[in-house]
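S.K.: I'd like to ask you about the structure that follows.
The values are calculated or read from the model by the stated rules, or taken from the named source; none is laboratory data. What you are looking at is a predicted structure, and each value in this text was computed from that prediction instead of being measured. All Cβ positions, even for glycine, are placed from backbone atoms using ideal geometry, and neighbour counts span all protein chains on display.
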Amino acid sequence: MSERTPWWKEATIYQIYPRSFNDSNGDGVGDIPGIVKKLDYLDELGIDAVWLSPVYGSPDVDNGYDVSNYREIAEEYGTMADFDRLLDRLHNRGIKLIMDLVINHTSDEHEWFVDARQSIESEYREYYFWRPGNDDMPPNNWRSLWGGSAWTHDEATGEHYLHLFHEKQADLDWDNPDVREDLFDIANWWLDKGIDGFRLDSINLISKPDGLPDADLKEGLTGLNVVANGPQVAEHLQEFCRRTTGKHDAVTIGEMPELSVEEARRYVGDDDENLSMLLNFEHVELDRGTGARWAARDWTLPELKEVVNRWQRGLEGEGWQGIYFNNHDQPRAVSRLGDDETYRRESATMLATMIFTLRGTPLLYQGEEIGMTNPRFESFDEIRDIATIRSVEHAVETSAISDFEEVKDLINARTRDNARTPMQWSDASNGGFTNGDPWIKVNDDYKDVNVTSERDHPNSIWAHYRDLIALRDQHSVLVYGKFRLLLPDHPQIFSYLRTLDDERILVVLNFSAETATFRVPDAVEYEESEVLSHNGVRDDPSSLAGTDLEPYEAGIYRLL
Ligand code: GLC
Ligand code: CA
């Protein structure tokens, strides 16, 4: 591995979901001028880079993850001039901009697909997967991630096309060199504008197995397991990096469902030919059951520790990952892993402490820094997330459920809309997000949970995030140190060491709403400990010896 220390390892990245961040013109949809108005806010928090969810031309079936024009800004978000202004102003403040590149699929309204659909002779036909199928039956048994077949039959030519997601998100055939050329051109077009890298959406799905064989569909599996990490993923991504980002010192963050540590090692590296880091899903899927998309399962803390430990140790010296609990696809972590009622502040700051002390780059999601919680969706017409809508519709069609009511609680726990309610800026109407009607409901708790009230309190969740960002900047052991798990079987406490040369940092997190007895394991010898950070749940956190941890207590100690 090279000696070079790229900027993205030490950075803290903040994800903006533009639709829900800040609306500047009262149409109820967040926009780029709205983001520009909040740059002071981001600056004060101390973040180093923004990851911007898609703002390209799109029919918005999946809120921009269905791109119809990669070289324009959707009207609802503003103009290209607005975008250029955003980029400029971020750069003036030393903040980088990472675009979200959705190139496993395009919208069916993209000009390539519109052309491809018209005739078998179209020069774009082979940009996608068109197959005859057996009579009216789809060519294979793959399921869309959101329910139903992954194939849609098209009247015009009588063939079927492949879509792993919605039927308006047609999968591109990356084995076609013309497709790769066109995609590289798009990436270079944005890089030439001066952006600082890409988050690559669903990027380990780009190489489909030869012959598109049937999947072994166990109950509830979609067949994604046969599609992910296909034969050419590593090769295609290396070519992408060589031809685009590698020439620009730009970061590449690969979003990769269904990924093992072994597969991950093939895709990441510190050089210009591999992805900079990847986002795996194992830790956020622990509470997912098999069967329906919303199926739940009980999880235990030792299981979470096992997953985190395996990834931390497995990539040591091999590659880098993004560290996250929250993003636009995940329920709010404070509601999911913490306690958003009695211990909202305590558990939100505990989770933050974890995000900033694992080996990898922290990725925060808007609202996380003020402890935003899952809202409550009472009726199906409040739901906006296409994945939720599709899976409910499909379950009703196949008589797996009778109606939304039947699965309402499960859906409330899981739906991606949990993350997508508007950013809560103040206790003004709609949380200060818009003067109009918001495109999705605002969480009822906005009067208590908002940026203004957080910033008025010295001990707030917001202040803790700001302090942790600064702390990680000061201690390279938090960035580069090795990870060593302690107490793997303890049912309440998550504790680990980070070590770099002779620096040692001990992290202690109480993941429960009860007190927990903590003893530093005998194998960890030290004479003194210095508190570097504490989430303030006890008056005097200075001593580690014989401590009983308070509910959701979290501390970072330097061992001497
Ligand atoms: C990724 C995105 C998600 C989107 C899907 C299809 O998982 O994060 O929001 O629906 O890809 O593009
Ligand atoms: Ca707007």
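S.K.: Here's a check for you: in segment 214-256, which residue that is crowded, with 19+ Cβ neighbours inside 10 Å and assigned to a loop (DSSP other than H, G, I, E, B) is nearest to ligand 2 (Cβ to nearest atom)?
M.R.: Step by step, filter segment 214-256, then rank; the result is ALA250.
Conditions (1) of a type in the set (Phe, Trp, Tyr); (2) modelled with pLDDT of 95 or more; (3) surrounded by fewer than 24 Cβ atoms within 10 Å (Cβ to Cβ); (4) within 12 Å of ligand 1 (Cβ to nearest atom), marked per residue:
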position: PRO139; (1), (2), (3), (4): no, yes, yes, no
position: LEU145; (1), (2), (3), (4): no, no, yes, yes
position: SER149; (1), (2), (3), (4): no, no, yes, no
position: LYS168; (1), (2), (3), (4): no, yes, yes, yes
position: ASP171; (1), (2), (3), (4): no, yes, yes, yes
position: ASN176; (1), (2), (3), (4): no, yes, yes, no
position: ARG180; (1), (2), (3), (4): no, yes, yes, no
position: ASP185; (1), (2), (3), (4): no, yes, yes, no
position: LEU191; (1), (2), (3), (4): no, yes, yes, no
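S.K.: Then there's this: Can you tell me which residues in segment 8-36 are among the charged types (D, E, K, R) and within 14 Å of ligand 2 (Cβ to nearest atom)?
M.R.: ARG19, ASP23, ASP27, ASP31
S.K.: Could you list all residues from segment 522-552 that are over 34 Å from the mean Cα position of the chain (by Cα) and not charged (D, E, K, R)?
M.R.: Of everything in segment 522-552, those that are over 34 Å from the mean Cα position of the chain (by Cα) and not charged (D, E, K, R) turn out to be ALA523, VAL524, TYR526, SER529, SER542, SER543, LEU544, ALA545, GLY546, THR547.
S.K.: If you check ARG472 against the conditions, is it crowded, with 19+ Cβ neighbours inside 10 Å, within 21 Å of the chain's Cα centre (by Cα) and part of a helix (DSSP H, G or I)?
M.R.: In short, yes.
S.K.: Just need a number here: residues in segment 397-420 that are within 16 Å of ligand 2 (Cβ to nearest atom) and either hydroxyl-bearing (Ser, Thr, Tyr) or free of Cβ contacts under 8 Å to residues at least 12 places away in the same chain (or both).
M.R.: Count: 0.
S.K.: Residues of segment 78-108 being farther than 20 Å from ALA187 by Cβ and more than 16 Å from ligand 1 (Cβ to nearest atom), which ones?
M.R.: Residues satisfying the conditions are GLY78, THR79, ALA81, ASP82, ARG85, ASP88, ARG89, ASN92, ARG93, GLY94, ILE95.
S.K.: Condition first: modelled with pLDDT of 95 or more, over 23 Å from HIS166 (Cα atoms) and surrounded by fewer than 22 Cβ atoms within 10 Å (Cβ to Cβ). Can you find one or more residues in segment 52-72 that meet it?
M.R.: no
S.K.: What number of residues within segment 315-355 satisfy the criterion of being among the acidic types (Asp, Glu), in a loop (DSSP other than H, G, I, E, B) and out of contact with any Lys or Arg (no Cβ under 9 Å at 6 or more places or on another chain)?
M.R.: The initial filter retains those residues of segment 315-355 that are among the acidic types (Asp, Glu), namely 316, 318, 329, 339-341, 346.
Those still in the list that are in a loop (DSSP other than H, G, I, E, B) too: 316, 318, 329, 339-341.
Still in the list and also out of contact with any Lys or Arg (no Cβ under 9 Å at 6 or more places or on another chain): 339, 341.
So the answer is 2.
S.K.: From the list ILE47, ILE13, ILE32, which residue is within 22 Å of GLU76 (Cβ to Cβ), touching a residue at least 24 places away in the same chain (Cβ under 8 Å) and either within 16 Å of ligand 1 (Cβ to nearest atom) or in contact with a helix residue (DSSP H, G or I) (Cβ under 7 Å, 6 or more places away or on another chain) (or both)?
M.R.: ILE32
S.K.: Let me ask something additional. Find the residue count for segment 46-85, including only residues that are within 17 Å of GLN15 (Cα to Cα), out of contact with any Phe, Trp or Tyr (no Cβ under 6 Å at 6 or more places or on another chain) and of a type in the set (Ser, Thr, Tyr).
M.R.: 2
S.K.: Quick test of your reading of the structure: ILE461 fulfils all but one of (1) of a type in the set (A, V, I, L, M); (2) at pLDDT below 95; (3) closer than 25 Å to LEU337 by Cα. Name the failing condition by number.
M.R.: (2)
S.K.: Right, another one. Looking only at residues that are assigned to a strand (DSSP E or B) and either in contact with a Leu (Cβ under 6 Å, 6 or more places away or on another chain) or modelled with pLDDT under 95 (or both) in segment 276-314, which one is surrounded by the fewest Cβ atoms within 10 Å (Cβ to Cβ)?
M.R.: Top of the filtered list is ALA296.
S.K.: For segment 519-535, what are the residues that are surrounded by 18 or more Cβ atoms within 10 Å (Cβ to Cβ) and at pLDDT below 95?
M.R.: VAL520, SER529
S.K.: Anything in segment 502-518 that is farther than 16 Å from SER347 by Cβ, surrounded by fewer than 13 Cβ atoms within 10 Å (Cβ to Cβ) and touching a residue at least 24 places away in the same chain (Cβ under 8 Å)? List them, or say none.
M.R.: Matches in segment 502-518: THR517 only.
S.K.: Identify, please: which residue in segment 99-125 is of a type in the set (Gly, Ala, Ser) and over 31 Å from the mean Cα position of the chain (by Cα) and is, among those, farthest from GLY197 (Cα to Cα)?
M.R.: Looking only at segment 99-125, we keep the residues that are of a type in the set (Gly, Ala, Ser), and these are 107, 116, 119, 122.
Right, trim to over 31 Å from the mean Cα position of the chain (by Cα) and you get 116, 119, 122.
Values: ALA116: 30, SER119: 36, SER122: 33 Å.
Checked segment 99-125; the qualifying residue farthest from GLY197 (Cα to Cα) is SER119.
S.K.: Return a yes/no flag: does segment 482-500 have any residue that is of a type in the set (Gly, Ala, Ser), closer than 23 Å to GLY46 by Cβ and modelled with pLDDT of 95 or more.
M.R.: no
S.K.: Here's something else I'd like to know. Within segment 356-382, how many residues are polar (S, T, N, Q) and assigned to a strand (DSSP E or B)?
M.R.: Total satisfying the criteria: 1.
S.K.: LEU410 versus (1) touching a strand residue (DSSP E or B) at 6+ places or on another chain (Cβ under 8 Å); (2) within 16 Å of ligand 1 (Cβ to nearest atom); (3) under 19 Å from ASP381 (Cβ atoms): which is the lone unmet condition?
M.R.: Looking at each condition in turn, LEU410 falls short on (2).
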